[in-house]
Amino acid sequence: MYIEKEIKESINLCDESGRLNKEAVGWSRKPLHHCNLRGNWLRKKQWNYWYVMNDKCFFSAAIALLDYAAIIFIYYLDINSLEFEEKTIISPLGQGTDMSETVDETVRFSNDKNQVIFSKEDNYTRLIIEVDDFEGKNLRANIKIYQPDNIDSINVVIPWSERKFQFTSKQSSLPAQGKVTIGEKVYEFSPDNSFACLDFGRGIWPYKSEWNWASGTGLNNGVKIGLNFGAGWTEDTGITENGIIVDGRVEKINEDVNFNYNPADLMETWSLTTIETDRINLKFEPIYHRIAKTNFLVIKSKMHQMIGYYSGKIKFQDQIINIDKLPGTTEEHQVRW
């Protein structure tokens, strides 16, 4: 078990030299870190990744700025037909990209044919996406994701060293409302059955990394459940990104989670369990395997993302909660960037 400091006041991620502010290491229930990254050309990594899921559609969009390039991707999965389409945009030197230093700010990308905006407004974020050539069709998305001030999230600083570190904010079980139109197809999202997840990241990374990530978001027997587990990238740092959110309240899990799966067949059932206690005992059943590869200049990335459902048991405030087909994802990611 790790001893993880809880941050309770706003704080800068970096000191004046651009190195890690040691007082910023820990976790918080709200996004309190100001990610004042400086210098470190080629090593700064910044991203905002969203997905929204209901029983009809999984829709996702991301803006990632890697200093020397920005990568934007938009994709969807039809849950019933398993039809999948994706568009990736690479912008050299990040042209057209505007990122933020805090979670609660707008980020955007635009060029002459595409617009991706994650607009922060009061107690919600609006995803505004316009793509003129999405597999030969027009894609339009306008989705409001509710983020009330009184709900918790999982916010963590991972310290590899004073020169390499990452802040992440994971927000889940957020009700979503709006629609996505792809050509003649229309997918509707209603806050009573559609839930979103945010992965916000800002940091200074080593060139080569690999990790697992697991995320769950939705209703379980009328209760809003959010799951967030990671492995690989947090090893030997004394802190994890693991936690669960139940009806807006977070419980940090200060131990590692084991990802047990078959690398040769990622469509087989995944097993996720806490290593030292019985707080997490989940199975993940994939319904779709997304493979995303990037090979551009010094970027070499291969990501396997599984979309599916969680079942099993979790412990929250010493009470067992049975999980039955909670929507979510798992992933395996290797990257050189």
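The values are calculated or read from the model by the stated rules, or taken from the named source; none is laboratory data. What you see is a predicted model, and the numbers here were worked out from it, not measured in a lab. Neighbour counts run over all protein chains shown; Cβ positions are idealised from the backbone, glycine included.
Given (1) closer than 18 Å to residue 309 by Cα; (2) of a type outside the set (Phe, Trp, Tyr); (3) crowded, with 24+ Cβ neighbours inside 10 Å; (4) out of contact with any Lys or Arg (no Cβ under 8 Å at 6 or more places or on another chain), identify the lone condition not met by residue 197.
Residue 197 satisfies all of (1) closer than 18 Å to residue 309 by Cα; (2) of a type outside the set (Phe, Trp, Tyr); (3) crowded, with 24+ Cβ neighbours inside 10 Å; (4) out of contact with any Lys or Arg (no Cβ under 8 Å at 6 or more places or on another chain) except (4).
Select from region 245-282 the residues that are of a type in the set (Lys, Arg) and under 20 Å from the mean Cα position of the chain (by Cα) and write down the one among them that is nearest to residue 225 (Cα to Cα). Let's see the steps before the verdict.
Of all residues in region 245-282, those of a type in the set (Lys, Arg) come to 249, 252, 279.
Narrowing further to those that are under 20 Å from the mean Cα position of the chain (by Cα): 249, 252.
Values: 249: 9, 252: 14 Å.
Top of the filtered list is 249.
Out of the residues in region 173-188 that are of a type outside the set (Val, Ile, Thr) and under 21 Å from the mean Cα position of the chain (by Cα), state the one that is nearest to residue 78 (Cα to Cα). Steps first, answer last, please.
First, the residues of region 173-188 that are of a type outside the set (Val, Ile, Thr): 173-179, 183-185, 187-188.
Filter again for under 21 Å from the mean Cα position of the chain (by Cα), leaving 173-179.
Details: 173: 20, 174: 20, 175: 19, 176: 17, 177: 17, 178: 16, 179: 14 Å.
Ranking the candidates gives 179 first.
Kindly list, by first and then second residue, each pair from a residue in region 232-248 that is within 28 Å of residue 192 (Cα to Cα) to a residue that is of a type in the set (Phe, Trp, Tyr), limited to pairs with Cβ atoms under 7 Å and residues at least 6 apart or on different chains.
242/229; 244/316; 246/316
Is it the case that some residue within region 42-65 is surrounded by fewer than 15 Cβ atoms within 10 Å (Cβ to Cβ), out of contact with any Lys or Arg (no Cβ under 8 Å at 6 or more places or on another chain) and polar (S, T, N, Q)?
no
Here are the criteria: (1) over 18 Å from the mean Cα position of the chain (by Cα); (2) surrounded by fewer than 19 Cβ atoms within 10 Å (Cβ to Cβ); (3) in a strand (DSSP E or B). Tell me which single one residue 289 does not satisfy.
Among (1) over 18 Å from the mean Cα position of the chain (by Cα); (2) surrounded by fewer than 19 Cβ atoms within 10 Å (Cβ to Cβ); (3) in a strand (DSSP E or B), residue 289 violates only (1).
Could you grab me the full set of residues in region 167-194 that are surrounded by 14 or more Cβ atoms within 10 Å (Cβ to Cβ) and polar (S, T, N, Q)?
Residues satisfying the conditions are 168, 169, 171, 172, 173, 177, 181, 193, 194.
Checking the structure you have, find out if any residue of region 252-264 is within 22 Å of residue 61 (Cβ to Cβ) and in a strand (DSSP E or B).
Of all residues in region 252-264, those within 22 Å of residue 61 (Cβ to Cβ) come to none.
No, region 252-264 contains no residue that is within 22 Å of residue 61 (Cβ to Cβ) and in a strand (DSSP E or B).
Determine which member of the set 82, 20, 37 is of a type outside the set (Val, Ile, Thr), at pLDDT 95 or above and in contact with a Pro (Cβ under 8 Å, 6 or more places away or on another chain). Before you say what the answer is, go through the steps one by one.
Details: 82 fails: in contact with a Pro (Cβ under 8 Å, 6 or more places away or on another chain); 37 fails: in contact with a Pro (Cβ under 8 Å, 6 or more places away or on another chain).
Sole residue among the options that is of a type outside the set (Val, Ile, Thr), at pLDDT 95 or above and in contact with a Pro (Cβ under 8 Å, 6 or more places away or on another chain): 20.
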